[in-house]
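First up is the structure itself, then whatever we jot down about it.
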Amino acid sequence: MTAPDDISGAWRRAVTGELCWTGPSGPAGIPVVPLVLDGRPCAALPAALLAEADTLTSGRAAFALTSERHGGPGMAASGPVEVVADADGSLFTEHLLAQELVKHPPTRLRADSLMAQRENWWWLPRVVVVLSRVEAERELPVRSAPEDAVLVRPAQGTAPSPGAGAGTAEDPRVDVVTADAWPGDGADPVRLRLADGSPPDGRGERAFLFGHRHSPDFERWERWHRAGTVTGDRLSVEEAEGDPVGEVAPFGVFERLRNHRELVKACKAGVAALEARRGTGG
């Protein structure tokens, strides 16, 4: 099954999406800017996210749209992915930058001219993850409240989804769930429910749940997560970071400067690692 127009078209139109996969330590997911390369959904991860990209070792992932702001039903498409280390940023600059400039205000500030690109060279190297072909797809509800979360689990061990298509056990299973509260690790299990009120029917599998919201200028892109195991409708939380938030206000002047310094440092470290791997053929 090749990527149909509804998947690639929706991905092209959306401003935010989610990249989900199952790594060596279990399920994972991050918010991304949806881009399209040669008609295929992709995400161009900044070098600051190299550590996350390095866990995408199975060669398979799911691309999900769950934000109510994208103007359509939620969906998830999964299949094999190609992961390209774009250490010099040439792939991103030539084929993807124009799309990201439209969707992502921080990129407009850092790369909308040759002068800006020279000054912010650390923003151009990327790890590009491309969905080679769609082998399974599902419609999802959208996240309409701050406490709604994307639930990522291994497909193996979960109940099959009607009409999901011919995926594999290595594909992540993606759902949208909610809870009345999201306590941290060590608390009582969290009771989860799907949009229709039914339980997610966990079978003791590892799970990663996350949500995200951004400020109008995208300088703040807040995300929170919980990780643990799901049995029935109960999540036993083993790891927690952040909490659901409503509207996200822009940074103040000092917060903006601090965030910029931290981002520059993280991106430069990622670029150095990418260049070292290219130099050694890794």
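The values are calculated or read from the model by the stated rules, or taken from the named source; none is laboratory data. Predicted model, so just to flag it, every value in this text is computed and none were measured. Quick reminder, even Gly has a Cβ in these numbers, built from the backbone with ideal geometry, and neighbours come from all protein chains shown. Surface accessibility is based on the protein's heavy atoms, side chains included, excluding ligands, DNA and RNA. Shrake-Rupley method; radii C 1.70, N 1.55, O 1.52, S 1.80 Å.
Selection over region 242-261 of residues that are open to solvent by 60 Å² or more (accessible area, probe 1.4 Å) and touching a helix residue (DSSP H, G or I) at 6+ places or on another chain (Cβ under 9 Å) gives a count of 1. Can you name the residue in region 72-118 that is out of contact with any strand residue (DSSP E or B) (no Cβ under 9 Å at 6 or more places or on another chain) and among the charged types (D, E, K, R) and, of all such residues, is nearest to CYS42 (Cα to Cα)? Step by step, filter region 72-118, then rank; the result is GLU94.
Whether any residue in region 212-221 is at negative phi, open to solvent by 40 Å² or more (accessible area, probe 1.4 Å) and over 22 Å from the mean Cα position of the chain (by Cα) is what I want to check. No, every residue in region 212-221 fails to be at negative phi, open to solvent by 40 Å² or more (accessible area, probe 1.4 Å) and over 22 Å from the mean Cα position of the chain (by Cα). What number goes with the only condition from (1) in a strand (DSSP E or B); (2) open to solvent by less than 20 Å² (accessible area, probe 1.4 Å) that VAL84 does not pass? Here VAL84 clears every test but (2). Pairing each residue of region 228-253 that is in contact (Cβ under 8 Å) with a residue 40 or more places away in the chain and among the polar types (S, T, N, Q) with any residue that is outside any strand (DSSP E or B) and surrounded by fewer than 18 Cβ atoms within 10 Å (Cβ to Cβ), provided the two are 6+ apart or on different chains, yields C-beta distances under 6 Å for SER236/PRO189.
Every condition in (1) over 14 Å from the mean Cα position of the chain (by Cα); (2) open to solvent by 40 Å² or more (accessible area, probe 1.4 Å); (3) modelled with pLDDT of 95 or more is met by THR107 except one, and the failing one is (2). Any chance region 45-68 includes a residue that's assigned to a loop (DSSP other than H, G, I, E, B), open to solvent by 20 Å² or more (accessible area, probe 1.4 Å), of a type in the set (D, E, K, R) and closer than 22 Å to TRP123 by Cα? Within region 45-68, one or more residues are assigned to a loop (DSSP other than H, G, I, E, B), open to solvent by 20 Å² or more (accessible area, probe 1.4 Å), of a type in the set (D, E, K, R) and closer than 22 Å to TRP123 by Cα. The one condition from (1) of a type outside the set (Gly, Ala, Ser); (2) in a helix (DSSP H, G or I); (3) open to solvent by 20 Å² or more (accessible area, probe 1.4 Å); (4) farther than 20 Å from ALA273 by Cβ that LEU96 does not meet is (3).
Identify, from the list GLY72, GLY29, GLY9, the residue that is over 20 Å from PRO125 (Cα atoms) and without any contact (Cβ under 8 Å) to a residue 40 or more places away in the chain. Step through it out loud before you land on a result.
Working: GLY72 fails: without any contact (Cβ under 8 Å) to a residue 40 or more places away in the chain; GLY29 fails: without any contact (Cβ under 8 Å) to a residue 40 or more places away in the chain.
Exactly one of GLY72, GLY29, GLY9 is over 20 Å from PRO125 (Cα atoms) and without any contact (Cβ under 8 Å) to a residue 40 or more places away in the chain, namely GLY9.
One line per residue, one yes/no per condition, for (1) part of a loop (DSSP other than H, G, I, E, B); (2) within 22 Å of the chain's Cα centre (by Cα); (3) at pLDDT 90 or above:
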| position | (1), (2), (3) |
| --- | --- |
| ARG138 | no, yes, yes |
| GLY157 | yes, no, no |
| ALA187 | yes, no, no |
| PRO200 | yes, yes, yes |
| THR229 | no, yes, yes |
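Return the residue satisfying two criteria in turn: it lies in region 1-31 and is in a helix (DSSP H, G or I) and either of a type in the set (Gly, Ala, Ser) or closer than 15 Å to ALA62 by Cα (or both), and of such residues it is modelled with the highest pLDDT. Write out each step before concluding.
The initial filter retains those residues of region 1-31 that are in a helix (DSSP H, G or I), namely 5-13.
The next check asks that each one be either of a type in the set (Gly, Ala, Ser) or closer than 15 Å to ALA62 by Cα (or both); those that pass are 7-11.
Details: ILE7: 76, SER8: 82, GLY9: 88, ALA10: 91, TRP11: 94.
Here the answer is TRP11.
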